[in-house]
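> This is the structure I want to talk about, given as structure tokens.
The values are calculated or read from the model by the stated rules, or taken from the named source; none is laboratory data. Just so it is clear, the model here is predicted, and its values are computed rather than measured. Note: ideal-geometry Cβ built from the backbone for every residue, glycine included; neighbour counts use all protein chains shown. Note: accessible area is taken over every heavy atom of the protein model, side chains too, but ligands, DNA and RNA are not part of it. Shrake-Rupley method; radii C 1.70, N 1.55, O 1.52, S 1.80 Å.
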Amino acid sequence: MKLQKPKGTQDILPIDSAKWQYVENLARETFKKYNYGEIRTPMFEHYEVISRSVGDTTDIVTKEMYDFHDKGDRHITLRPEGTAPVVRSYVENKLFAPEVQKPVKMYYIGSMFRYERPQAGRLREFHQVGVECFGSQNPATDVETIAMAYQLFNELGIKDVILHLNSLGNTESRQAYRQALIDYLTPLRETLSKDSQRRLDENPLRVLDSKEKEDKAAVENAPSILDYLDEESQAHFDAVREMLELLQVPYVIDTNMVRGLDYYNHTIFEFITKVDKSELTICAGGRYDSLVEYFGGPATPGFGFGLGLERLLLILDKQGIELPVEESLDVYIAVLGAGANSKALELVQAIRKQGFSAERDYLGRKIKAQFKSADAFHAKTVITLGESEVEAGQVSIKNNQTREEVTVRFEDISNDFAAVFAKIK
Ligand code: ATP
Ligand code: MG
């Protein structure tokens, strides 16, 4: 047995988790402004919840599922993405809200699992924040949801994320396009990768999304789906474009983008950025108007996206963006002698109860070592507590930057530490 983490997983250590928390909090605050509430679904689902909705022939389902049979011989999979589980839950819990509460807007933050070849920005357990909006067909929903992701990137200070936009149209448009694409690709069949030859039979649109060089070359002159949109689909797409322009959200049209999941229709989008010359998608989503019905609910349009947190943090790092994460301690108590041990405990507890952060020495070390700990923890103030202080009922508290000191009584600390802190801070 290997006593190491499984391939493609990561430990998020305390030194990094402050950044994670910052980004997650910003996401929560941003989503709240758009009237989203949080949903938490199980980390694993019945295999069928994912397989057919995401698409039997997608990479996610054919290659990347983390599935197994449990002790009751149920076919289970760790969730590879958030939308299918949320739609499953929406239908199962009958969240089809009364008209007054529509649309229903929900977000999630959590682990996703895909059996992929691990590399930079590609893990087997990764984290997504995602949103799903149910019940609105209005193109304004598409646009405000895209704008919400854009706002998040802006507030984080990420530069050079480019919005790629496409439309898959409605079912009729997609059928017409599918045939045109088959007609175009069939003569090129031999030039396609093995995977794409299979895709051509099973799910030709996915050839467009292939990352293989030979496939990219083959689809270069492929017909554009935008030429196959019917009137309704065209009107929706035009409205989305106009509203994006109204909100000054820049975008490029990317007719070869189809997304890795089968349930989308009309608007699809990705936010793409460059990392070390290669392109990485950080956020991707779109409209899925038939998924709720597929899960047995009433016909309900949907729109959402998933955003990869590891990739987002990677980009922050690559772009040299420092997040305002504060790692400091309000008080460190240096403890001298066994006779001060209990008093030190009483004081840190009193300080913590009043809403401040406090740490102390537990190891009976030399004073110099304790002061080094205070620095290592970025303590704003340091109290030195020895047996003589315990007897006198007072201590001096020092500003660890300016070295300025004041003497205070224990009661002052336990009754109103805020006042003490304000004096010395
Ligand atoms: P890619 O084309 O890069 O494989 P995808 O189309 O599979 O991405 P989605 O299923 O749309 O990605 O997932 C949404 C987001 O989740 C991606 O944009 C990315 O930020 C993140 N993501 C997807 N797979 C992984 C992974 N294996 N490791 C880390 N992040 C991932
Ligand atoms: Mg993928």
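> Among the helices (runs of 4 or more DSSP H) contained in region 11-62, which hold 1 or more residues that are within 16 Å of ligand 1 (Cβ to nearest atom), touching a Ser or Thr at 6+ places or on another chain (Cβ under 9 Å) and not charged (D, E, K, R)?
Ranges flagged: 47-54, 59-62.
> Looking at this structure, is L200 away from ligand 2 (no atom under 16 Å from the Cβ), of a type in the set (A, V, I, L, M, F, W, C) and free of Cβ contacts under 8 Å to residues at least 60 places away in the same chain?
Judged against the criteria, L200 is a match.
> Return the pair list, or none, for Cβ contacts closer than 6 Å from residues in region 273-288 that are over 11 Å from L163 (Cβ atoms) and not assigned by TED's automatic domain parsing to the domain that holds F305 to residues that are aliphatic (A, V, I, L, M) and open to solvent by 60 Å² or more (accessible area, probe 1.4 Å), at least 6 apart or on different chains.
none
> V87 - would you say it is β-branched (V, I, T), part of a helix (DSSP H, G or I) and within 16 Å of ligand 1 (Cβ to nearest atom)?
The answer is yes for V87.
> Among the candidates K2, K71, single out the residue that is part of a loop (DSSP other than H, G, I, E, B), modelled with pLDDT of 95 or more and either out of contact with any Leu (no Cβ under 9 Å at 6 or more places or on another chain) or surrounded by fewer than 17 Cβ atoms within 10 Å (Cβ to Cβ) (or both).
Just one listed residue meets the conditions, K71.
> Also, I was wondering about something else. Cβ-Cβ distance below 6 Å, separation of 6 or more or different chains: which pairs start in region 96-125 with a residue that is modelled with pLDDT under 95 and away from ligand 2 (no atom under 16 Å from the Cβ) and end on one that is open to solvent by less than 30 Å² (accessible area, probe 1.4 Å) and of a type in the set (A, V, I, L, M)?
Short answer, once both residue conditions are applied: A97/V104.
> Next question. Working only within region 160-187, note down all residues that are out of contact with any strand residue (DSSP E or B) (no Cβ under 8 Å at 6 or more places or on another chain), of a type in the set (A, V, I, L, M, F, W, C) and within 18 Å of S233 (Cα to Cα).
A176, A180, listed by residue number.
> Okay, next question. Could you check S233 against (1) assigned to a helix (DSSP H, G or I); (2) open to solvent by 20 Å² or more (accessible area, probe 1.4 Å); (3) touching a Gly at 6+ places or on another chain (Cβ under 6 Å) and say which number it fails?
Every listed condition holds for S233 apart from (2).
Okay, residues lined up against (1) in contact with an Asp or Glu (Cβ under 8 Å, 6 or more places away or on another chain); (2) β-branched (V, I, T):
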residue: K368; (1), (2): no, no
residue: D375; (1), (2): no, no
residue: H378; (1), (2): yes, no
residue: T381; (1), (2): yes, yes
residue: V390; (1), (2): no, yes
residue: R409; (1), (2): no, no
residue: D416; (1), (2): no, no
residue: A419; (1), (2): yes, no
residue: I424; (1), (2): yes, yes
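> If I ask for residues that are surrounded by 14 or more Cβ atoms within 10 Å (Cβ to Cβ), over 26 Å from R199 (Cα atoms) and out of contact with any helix residue (DSSP H, G or I) (no Cβ under 9 Å at 6 or more places or on another chain), which ones from region 35-68 would you list?
Listed by number, the list holds a single entry, F44.
> Follow-up. Kindly indicate which of T267, T300, T281 is among the polar types (S, T, N, Q), within 22 Å of the chain's Cα centre (by Cα) and more than 16 Å from ligand 2 (Cβ to nearest atom).
The conditions single out T267.
> Return the residues of region 371-425 that are closer than 14 Å to E359 by Cα and basic (K, R); say none if nothing qualifies.
Across region 371-425, the qualifying residues are K372, K380.
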